[in-house]
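Visitor: This structure is in structure tokens; I'll ask about it shortly.
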């Protein structure tokens, strides 16, 4: 399932905002609740002390008889506040008899031992009470406040905290959505450019307006385009060269077929057919070499490599090439190796490398000559060495021996011209190095060294 970067950012940022808001709102509501409780408690205590200071001076002149339980007349000319009905006070002696009280004063069962704040349950609601006792004059003042007032205020504060965020958060989401869209617009521009490109256009993408956060992605994309461009160019060159190289043997085979059709004798016909078979064999060898070269991709990841015994591969390939060497009269010697020579690589590719080196050495060494091969250890890895007593490499050919389809002039040897190109490809595939050493004149031979790193 495809996911939108914009949507994921909105969900993430929106979630963070909601979490932050919930935290801030909870903290604010908790602090407000605490402050409301303390503020109202302070008000109760202050009211009780004011009443105490007023009543204390008059207590000695009051006649308790006839005045007990007489509510204070609160008839005022101006209408009172709603909250007045939720606040009351009562003055009573320590025996529990009420002296004065407000009209709305609830009858609360208060423990006579309480002095200070207390929570008392009334008939319909809970009250917060502050009690101030005077043991000398034998009376107490009770100032009570319904918890309804406090709860209503807390609810109102909560509402004032919540509503702005309910309005602001959607607006912030819209702003973030728009901002992210503008930020991602260069990506869409690049995407449209790539979409509308000609498949043959592998030029790098312009990174001028690409956001820095996604710049590594586009740098990697440009790197990929560069490698594709190089690979495509190589393949085009390879295809062109292959077509050119195949044209000659196919033309020869066709010519021999025409000769066979026009042959006036069985001998002439048989000769033409033998030449056809030779041409077909050479063409088959060329095609096989081209396919091998195409399969040996230097960009194949190392995870496809396995531990290989290079000495075992050398022995197997030398055994196959030995028959060719004997037929030509060339002595093939493989130096014995003590122990296994282990490297990481592809067995098939290593076998092709060794076969091409030995085949080239035997092919270019005249009868009576020799070819020697062996493997040795070095501080940096393993060294495969192939030497021959052939004519060496001409000075004009040294810079082109790895070119595809190139064959040195004046050697008198036939071939595809791909052997050393394949060798170079295998060397690159394994991260190895190759060196050619030859004498200053003819008959000095060639020594090839392939240095494999040991991981």
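Visitor: Residue 116 - would you say it is exposed (fewer than 14 other Cβ atoms within 10 Å of the Cβ), modelled with pLDDT under 70 and at positive phi? Reasoning before the result, please.
Guide: On the way: exposed (fewer than 14 other Cβ atoms within 10 Å of the Cβ): yes; modelled with pLDDT under 70: no; at positive phi: yes.
Criteria not met by residue 116.
Visitor: Turning to a different aspect of this structure: Counting only residues that are over 15 Å from residue 55 (Cβ atoms) and in contact with a strand residue (DSSP E or B) (Cβ under 7 Å, 6 or more places away or on another chain), which one in the stretch 138-156 is surrounded by the most Cβ atoms within 10 Å (Cβ to Cβ)?
Guide: Start the filter on the stretch 138-156 by keeping residues that are over 15 Å from residue 55 (Cβ atoms), which leaves 144-156.
Pick out the ones that are also in contact with a strand residue (DSSP E or B) (Cβ under 7 Å, 6 or more places away or on another chain) and you get 144-147.
Numbers: 144: 24, 145: 21, 146: 21, 147: 17.
By that ranking, first place goes to 144.
Rundown of residues vs (1) more than 30 Å from residue 28 (Cβ to Cβ); (2) surrounded by 13 or more Cβ atoms within 10 Å (Cβ to Cβ); (3) assigned by TED's automatic domain parsing to the domain that holds residue 27; (4) at pLDDT 75 or above, yes/no style:
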residue	(1), (2), (3), (4)
80	yes, no, yes, no
86	no, yes, yes, no
92	yes, yes, yes, yes
101	yes, yes, yes, yes
106	yes, yes, yes, no
111	yes, no, yes, no
128	no, yes, yes, yes
136	yes, no, yes, no
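Visitor: Does residue 168 satisfy the condition of being at pLDDT below 85 and outside the structural domain of residue 16 (by TED's automatic domain parsing)? I'd like the intermediate steps shown before the answer.
Guide: Numbers: at pLDDT below 85: yes; outside the structural domain of residue 16 (by TED's automatic domain parsing): yes.
Yes.
Visitor: Taking the stretch 333-362 only, how many residues are in contact with a helix residue (DSSP H, G or I) (Cβ under 8 Å, 6 or more places away or on another chain), closer than 19 Å to residue 392 by Cβ and crowded, with 19+ Cβ neighbours inside 10 Å?
Guide: Total meeting the criteria: 5.
Visitor: What do you reckon, is residue 161 farther than 30 Å from residue 20 by Cα, outside any loop (DSSP other than H, G, I, E, B) and touching a helix residue (DSSP H, G or I) at 6+ places or on another chain (Cβ under 8 Å)?
Guide: Numbers: farther than 30 Å from residue 20 by Cα: no; outside any loop (DSSP other than H, G, I, E, B): yes; touching a helix residue (DSSP H, G or I) at 6+ places or on another chain (Cβ under 8 Å): yes.
Taking the combined requirement at face value, the residue does not satisfy it.
Visitor: Right, here's the next one. Kindly evaluate residue 198 against the criterion of being farther than 30 Å from residue 15 by Cβ and modelled with pLDDT under 80.
Guide: Working: farther than 30 Å from residue 15 by Cβ: yes; modelled with pLDDT under 80: yes.
It is true that residue 198 is farther than 30 Å from residue 15 by Cβ and modelled with pLDDT under 80.
Visitor: Considering only residues that are assigned to a strand (DSSP E or B) and either surrounded by fewer than 17 Cβ atoms within 10 Å (Cβ to Cβ) or at pLDDT below 75 (or both), which ones fall in the stretch 249-308?
Guide: Taking the stretch 249-308 first, the residues assigned to a strand (DSSP E or B) are 306-308.
Of everything in the stretch 249-308, those that are assigned to a strand (DSSP E or B) and either surrounded by fewer than 17 Cβ atoms within 10 Å (Cβ to Cβ) or at pLDDT below 75 (or both) turn out to be 306, 307.
Visitor: Separate question: Collect the residues in the stretch 24-34 that are in contact with a helix residue (DSSP H, G or I) (Cβ under 9 Å, 6 or more places away or on another chain) and either free of Cβ contacts under 8 Å to residues at least 24 places away in the same chain or at positive phi (or both), keeping them in residue-number order.
Guide: Of the residues in the stretch 24-34, the ones in contact with a helix residue (DSSP H, G or I) (Cβ under 9 Å, 6 or more places away or on another chain) are 24-25, 28-29, 32-33.
The answer is 24, and nothing else.
Visitor: Related question: Could you figure out which of (1) in a helix (DSSP H, G or I); (2) in contact with a strand residue (DSSP E or B) (Cβ under 8 Å, 6 or more places away or on another chain); (3) at pLDDT below 80 isn't true of residue 354?
Guide: It fails just one condition, (3).
Visitor: If you go through the stretch 360-383, how many residues are in contact (Cβ under 8 Å) with a residue 12 or more places away in the chain, within 20 Å of residue 433 (Cα to Cα) and not in a strand (DSSP E or B)?
Guide: Residues meeting the conditions: 3.
Visitor: Give the residues of the stretch 310-321 that are surrounded by 18 or more Cβ atoms within 10 Å (Cβ to Cβ) and either out of contact with any helix residue (DSSP H, G or I) (no Cβ under 9 Å at 6 or more places or on another chain) or within 22 Å of residue 453 (Cβ to Cβ) (or both), sorted by residue number. Outline the logic, then answer.
Guide: Kept after step one, since they are surrounded by 18 or more Cβ atoms within 10 Å (Cβ to Cβ), are these residues of the stretch 310-321: 310-311, 313-314, 317-318, 321.
Hits for the stretch 310-321 are 310, 311, 313, 314, 317.
Visitor: Further, regarding this structure: Just the residues that are closer than 25 Å to residue 9 by Cα and within 21 Å of the chain's Cα centre (by Cα), please, taken from the stretch 208-226. Lay out the reasoning, then the answer.
Guide: Initial filter on the stretch 208-226 (closer than 25 Å to residue 9 by Cα): 208-221.
Across the stretch 208-226, the qualifying residues are 210, 211, 212, 213, 214, 215, 216, 217, 218, 219, 220, 221.
The values are calculated or read from the model by the stated rules, or taken from the named source; none is laboratory data. This is a predicted model, so every value here is computed, not measured. A quick note on method: Cβ atoms are made from the backbone with ideal geometry, for glycine too, and the neighbour counts reach across all protein chains shown.
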